1. Tally the residues that are open to solvent by less than 60 Å² (accessible area, probe 1.4 Å), closer than 19 Å to Thr339 by Cβ and either β-branched (Val, Ile, Thr) or assigned to a helix (DSSP H, G or I) (or both), restricting the search to the range 531-559.
2. Can you run down the residue pairs with Cβ atoms below 7 Å, 6 or more apart or on separate chains, where the first is in the range 351-372 and in contact (Cβ under 8 Å) with a residue 60 or more places away in the chain and the partner is aromatic (Phe, Trp, Tyr) and open to solvent by 10 Å² or more (accessible area, probe 1.4 Å)?
3. Only one of these is surrounded by 15 or more Cβ atoms within 10 Å (Cβ to Cβ) and either touching a helix residue (DSSP H, G or I) at 6+ places or on another chain (Cβ under 7 Å) or under 30 Å from Asn549 (Cα atoms) (or both): Ala485, Ala476. Name it.
4. Within the range 205-261, how many residues are closer than 20 Å to Thr619 by Cα, touching a Lys or Arg at 6+ places or on another chain (Cβ under 8 Å) and of a type in the set (S, T, N, Q)?
5. Which of the residues spanning the range 476-500 are among the charged types (D, E, K, R) and more than 15 Å from Ala540 (Cα to Cα)?
6. Tell me, which residue of the range 41-52 that is part of a loop (DSSP other than H, G, I, E, B) and open to solvent by less than 80 Å² (accessible area, probe 1.4 Å) is nearest to Val532 (Cα to Cα)?
7. So which helices (runs of 4 or more DSSP H) are wholly in the range 417-479 and hold at least 1 residues that are modelled with pLDDT of 90 or more and more than 26 Å from Glu500 (Cβ to Cβ)?
8. Within the range 135-154, track down each residue that is in a helix (DSSP H, G or I), among the hydrophobic types (A, V, I, L, M, F, W, C) and buried (at least 24 other Cβ atoms within 10 Å of the Cβ).
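The values are calculated or read from the model by the stated rules, or taken from the named source; none is laboratory data. Source: prediction; values computed, not measured. Reconstructed Cβ throughout: ideal geometry from the backbone, glycine too, with neighbour counts over all protein chains shown. The area values use the complete protein model at the heavy-atom level, side chains included, leaving out ligands, DNA and RNA. Shrake-Rupley method; radii C 1.70, N 1.55, O 1.52, S 1.80 Å.
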Amino acid sequence: MPHEAGTVSYQESREVAEASRETDWTKPSFGKELFLGRLRLDLIDPWPQPDPIRAAKGDEFVKKLNAYVRSEVDGERIEREDRIPDEVFHGLARLGAFGMKIDENYGGLGLTNLDYARSLMLVGSVNPAIGALLSAHQSIGVPQPLKLFGTAEQKRRYLPRLAAGEVSAFLLTEPDVGSDPARLGTIAEPVEGGYRLNGVKLWATNGTVATLLVVMARVPKSEGRRGGITAFVVEGDSPGITIERRNGFMGLKGLENSVTRFHDVFVPADQMIGGEGRGLKIALTTLNTGRLSLPAMCVGAGKWCLNVARQWSAERVQWGRPVGDHEAIAQKLAFMAATTYGMETMLNLCCMLADDDRNDIRIEAALVKLYASEMGWKIADELVQIRGGRGYETAESLAARGERAVSTEQILRDMRINRIFEGSTEIMHLLIAREAVDAHLSVAGDIVDPKADLGRKAKAGARATAFYAKWLPGLAVGKGQNPNAFTAYGPLAHHLRFVERASRKLARSTFYGMSRWQARMEDREVFLGRIVDIGAELFAMAAVCVRANAERDARPEGMELADLFCRQAKVRAEALFTALWDNTDAVDAKAAKRILDGRYAWLEEGVVHPQGDEPWVATWQPGPSTGEDVRRRVPPPS
């Protein structure tokens, strides 16, 4: 019989997700405070500074990495051949690139998050598939979960291998299970001495080359056994593992992404990470800093696009003037420069906050992932538009005509996945929104919880009354209404006054939404998405103001970029505020139901539709693999 992921209710799915959240806020969070209407600049100003000794070490590595990728890595070859050559794996291993985030005690480099991000930015600019390889290996693969949750023996056993160049992968998604892990179908059945894994995993980045895997599987609950979704370190060459397919995508041609089958794979008990039932919590905690790798590559792409756009727009002449002098193109250039500065600032701030370990950055890291993936895509799209027909033409074709081989169309294809990787934009909106309203739910959640009895509701009412009696008055008036506030920031002061006022307005809007919709608020996904997007713009504005002010002596032109970014961000934020209450959300939802019911199916007539009776989402057959194993093993250097 084909396997189908377990049927669970909406409420059960929510409970699984909620149980996996980090519920404690033991450290301050700039993002959390911002959504509550409090602009806590003291959490990001003074602008964080890297430790000089670690920074010098990071600079040395980045210098070596820069020299290597410039001289030895052919990004166009990776694009042509759809694979990263063995010798690139060897070269990266010799440099220590597979151990950038692994502690020196285990043979790694122990780089800071900031230097790790700089390194990914650099290699990703040569070919994004290399950045994806190193990121999936270290940010969500075996090293990070073991660093946070592994035993001393697990670290001793596996981390030196990974630092030396073995590759790891993270396996959560299944053919019929995406963002709803409550339906996870891979089973880890307890047996003598360990567990027996059975299941199929989809879209495992690095899956075809990885020799060590982090696998999420469900341990059946039984008497005396907690069960639940559990994380395991699994040897990639264990009997019963088959790499059934290497998946192909529109971009990231060198990506080694697999369909992986487990059939009666024995995993010793000492290869479980963190205990039974803690798998999703481990995954989410790992992503708190792991998400910073993706915006690093988006920032790198922004820098690359800006460089091409600037040179092209100055050189290309139309209607007697360089195209960059035409207002339509000038606006795009201004957006690209300002937004690249904003993305870089958010990323650097989050990395340094993570490095000093004094702040909780779960909201900030999620915001920069969301913001950079969305804005990075827009920057790449604008570059294609600026380049015109040459933006749509491949680098190989340009070179054949004697023109500079600029892979503009490739970066557009490569960038598109970032809005899906490590949490799609829609999922990120919901994840951040849940954290943004956490303070409200912690005091008033039982009021709207249908499972809560009258006693719980009464206690929640008392808590809510006390909380809102103190919180709501503080949202009426603030420093942003004082024309002399934030004068230390010079010409940027008025932007911070806007951020302060807007953060209070954002908090009031969230409260109004909760009051209006109560338990139905969680279904207002588009409303919540706008709330999050406003918060992202305000976070970015505050960050660029603090950074530019801190660097004004060394880099005075940064004040100009910060001002430009804030002016653009303010326009976006104000449009989002308007859309909170003036929108077509209700009629869109009703129309979607009619569309799904086929009411307008006649509109689809007159074209040839995709043919075939295959399912939209494939099920999988339990049992041994019937296909060829397509795993790739990189041989040792000769």
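1. Result for the range 531-559: 19.
2. Hits for this filter: Asp360/Trp25.
3. Ala485
4. Residues that pass the stated criteria total 4.
5. Passing the criteria: only Lys479.
6. Ile44
7. 425-436
8. If the condition is that a residue be in a helix (DSSP H, G or I), among the hydrophobic types (A, V, I, L, M, F, W, C) and buried (at least 24 other Cβ atoms within 10 Å of the Cβ), then Ala136, Ile140, Leu146 are the ones that fit.
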